[in-house]
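Some notes on the structure that comes next.
The values are calculated or read from the model by the stated rules, or taken from the named source; none is laboratory data. Owing to the predicted nature of the structure, the values given are computational and were not obtained by experimental measurement. Neighbour counts are summed over all protein chains in view; Cβ atoms, including those assigned to glycine, are modelled from backbone coordinates with ideal geometry. For the accessible areas, the whole protein counts, side chains as well, though only heavy atoms, and no ligand, DNA or RNA atoms are used. Shrake-Rupley method; radii C 1.70, N 1.55, O 1.52, S 1.80 Å.
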Amino acid sequence: MQEARSKKQEVRNKMQETRCKKQDTRSKKSGFLLLASCLLLLASYSCIPPKVAIVRRTCVDCHQKEYKKFSSDESQHIPVTQKLCEGCHIPHGAIGALYLKNQGSALCYNCHEKDKVRLEKKNLHDPLKKKDCLICHSPHSSKTKKLLRIAGNDLCFNCHSKEDYQKKKIHKPQEEGCIKCHDPHSSDSPHGLTMPVRQLCLDCHKVNIELKAAHKDYPFEDSDCTSCHASHSSSNEKLLRENIHKPFAELDCGSCHNPSDSKLPLGMKIEGDALCYKCHSDKKESFQKAHIHAPVKDGRCLSCHSPHASDYKNGLRSPEKELCYSCHEKQKKEHKKKYIHTALTKNNCSDCHDPHASEQEKGLKYAGGMLCYKCHKEDNFKNTVSHTPVAEGKCIACHSPHASDFENSLIAEKGNICYMCHNEIKKKSEKFSTHTPLKNGDCAKCHKPHGSNIDGMLTQKKEDLCFNCHTNMEKEWGKDAVHGPYKDGNCYSCHDSHASNRNNQLIDDEPELCYGCHKDTKVGLAAMKHTHIPLSEGKCMVCHNSHGGKIKGYLKRSVKVLCLSCHKDIADKLATPGSFIHKPVDEGECLKCHHPHYAKEENLLLSDNLTLCSNCHEKTDKGFIQRHGNIPLKEGNCTSCHESHFSKNKNLLHTILHKPFEDNRCIECHPDSK
């Protein structure tokens, strides 16, 4: 027992020793692996290339051509000089013109913030008002100072008409440059002047003996120099404006004003229009009319006319239309519509209105249409049939005399304007079937708005008018094989020209519409017992084309095809192989046996059965008699033995035959027929 225990203990010890050896081996392996991992990590670090600083390229590196051009100019924008393109541009692109950081003047104000104060002044230069500095300035470089696109006055003439500044006599400061008198950005003075006009003029033109003498010793220091003198150029000496009042041109100031050495030298010798009538006495009587312009009536000639000089006709203070608007504010707003009267576009209110007095309302020069005919040739409005407003000279019943939102200066939308008088047509337009031009409000498609030499003021003869739109019909039918009304161009005998509660604008229902001309058909229908179903239902158009056709009777299709389109049972049997077909049926001659509309006989037969068949089959013919067993056919019904359209048996005999009949033994049943 003791020995056995000793052996077991020995085995345990050996097993423990083995475990220790294995554990030691594992520890060694783990250490080796750890060491190997560290060495590999160090090796991998040694393979990574050293960090290199990224060298950033500038805009100029790519845009060398542009930069070379910019740098060769006399002046460069500071960001260009310093190569700071990103001051204005986004370097990597963005949505926007040329990848700018901002648009318009907002971009410029990022640097030129102090210039924003210019926006607070009363009068802004138009480019500044539009927030577009680049109208005048180049954004990168320029051959001129201040980065201006063009040097001197030529830049201004890009917008301002050069003609007005280059007349015979030119104001000296203009030669030195517009900015001698004008601020290029903004000003508190009118027209962008650098200072008030009187102060500006006297800054150069010092008050001295010579200047006083030129003004006949009348005080001028507090006057507006530009009321007599042009500020830029003139055709007259001393830059006097183009139209000079006669006393002023003759330097006869005393004819209107008090003497220069009096207490009130600029006072008038006579007040109001009495002074004007001293010279213009012929006008006084001509102004005594039913309608007098308010300034004339009130004796305020100078409300419209300059007493000294003006650049405008008749010595007006400002351009004619602008002058009129100074009182007629309401009209000014109305005249901003899309379509403007030609006289108004030319600024000539006086083309229509007398500026002083008239016998017509609104100061019109002539009554009614006579005024319009001064521009619009009267002969163009002379027609056999004239539109009532034209005949009465009431053009403004339809047209606005000044401006309109509608084409041809109409006072309302086309179509609606016609309804103002033609209310009965407006009611028609609400019907079920409306003529397309009426639906579109395009009355002028068919009618001339002023007049015509054709009844109804039509644009063409009625027989041709419809074909302007319905071209396919004329191509299809021509002018030959057509329905009578269609051929005569009398479309209105069937159709309402405007609207109807029936399809296709028909003026009546079928068949009553057709009976209007085809009265015989209506009479025959009443007298007959049997009627074709389409006709009994009032559907003439089932068979007939209403406008025409190349088939007799204006049928929609050939007789056989047309009939079989309804009689499908017959059509199916006719298609059966091996059938014997009645010759008229085979040849499509249905009307050899049947009446197309009505008949006394059943099945719309043209006559009784025997008589009808005898039209083709001669009863006295020997062959015919022999085929019928030598029995004379004086009476009887052919269809008792024969099919009328087709049969599987020869001679169109019925399918099931009586045996004696089949064997041709007729005598057995008809002994008296020997």
Evaluated over the range 348-482, the Cα radius of gyration and Dmax, each in Å: 18.8, 69
The range 89-234 - percent of accessible surface contributed by carbon and sulfur, probe 1.4 Å: 55
Prolate/oblate/rounded call for the range 261-392, Cα gyration tensor, a/c under 1.5 rounded: prolate
Assigned charges on the beta-carbon of Lys, Arg, Asp, Glu; the chain dipole about Cα centre (debye): 4340
In degrees, nearest ten, helix 2-47 long axis to first principal axis of the chain (Cα): 70
Computed over the range 119-267: relative contact order in percent, which uses C-alpha pairs under 8 Å that are six or more apart: 21
Percent carbon-and-sulfur accessible area, the range 616-666, ignoring ligands, DNA and RNA, probe 1.4 Å: 52
Accessible area in square angstrom per residue, the chain, 1.4 angstrom probe: 71
Three principal axis lengths of the range 417-459 [C-alpha, angstrom, descending]: 31, 20, 15
Sequence-distant residues sharing a close amide H with ASN243 (under 5 Å, placed H): SER310, ASP311, TYR312
Relative pair counts by distance (%), Cα atoms of the range 132-221, 10 Å bins: 14, 36, 32, 13, 5, 0
Estimated vicinal HN-Hα couplings, Hz - the range 327-337 in sequence order (Karplus 6.51, -1.76, 1.60; Gly, Pro = x): 10, 8, 4, 4, 5, 4, 5, 5, 7, 8, 6
Vicinal HN-Hα couplings computed from phi for the range 606-619 (Karplus, 6.51 cos²θ - 1.76 cosθ + 1.60; Hz; Gly/Pro x): 5, 7, 5, 3, 5, 5, 4, 5, 5, 4, 10, 9, 5, 5
Rg ratio (alpha-carbon, reference 2.2 N^0.38 Å) - the range 529-577: 1.30
Charge dipole of the range 604-674 about the Cα centre (unit charges at C-beta), most positive-ward option of THR611, ASN649, ILE631: ASN649
Spin-label pair LYS131/LYS552, simplified geometry with 7 Å Cα→Cβ offset, distance in nm: 8.4
When each of LYS162/LYS206; LYS283/LYS338; LYS146/LYS172; LYS487/LYS529 is checked by Cα-Cα distance, pairs over 27 Å: LYS162/LYS206; LYS283/LYS338; LYS487/LYS529
Helical mean residue ellipticity (222 nm; -39500 (n - 2.57) per DSSP H run of 4+; nearest 500) of the chain: -7500 deg cm²/dmol
Three-way shape call for the range 187-292 based on the alpha-carbon gyration tensor, with the a/c threshold at 1.5: prolate
Label-point separation in nm, LYS313 to ALA290, each point 7 Å along Cα→Cβ: 2.6
Other-chain or far-sequence residues with amide H under 5 Å of LEU316's (modelled H): SER306
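Relative contact order, percent, of the chain when contacts are C-alpha pairs under 8 Å separated by at least 6 residues?
5
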Sequence-distant residues sharing a close amide H with PHE580 (under 5 Å, placed H): SER647, LYS648, ASN649
Extension gain, SER433 back to LYS461 (0.36 nm per residue minus Cα-Cα distance, nm): 7.7 nm
Under Karplus coefficients 6.51, -1.76 and 1.60, residue-wise ³J(HN,Hα) of the range 186-202 in Hz, glycine/proline x: 6, 7, 8, 9, x, 6, x, 5, 6, 7, x, 4, 4, 4, 5, 5, 6
Approximate shape of the chain as ellipsoid semi-axes (Cα gyration tensor, √5λ), whole Å, largest first: 94, 72, 20
Cα centroid of the range 129-205 to Cα centroid of the range 408-462, whole Å: 56
Gain on full stretching of the segment that runs from LYS592 to ALA571 - 0.36 nm per residue minus C-alpha separation: 5.8 nm
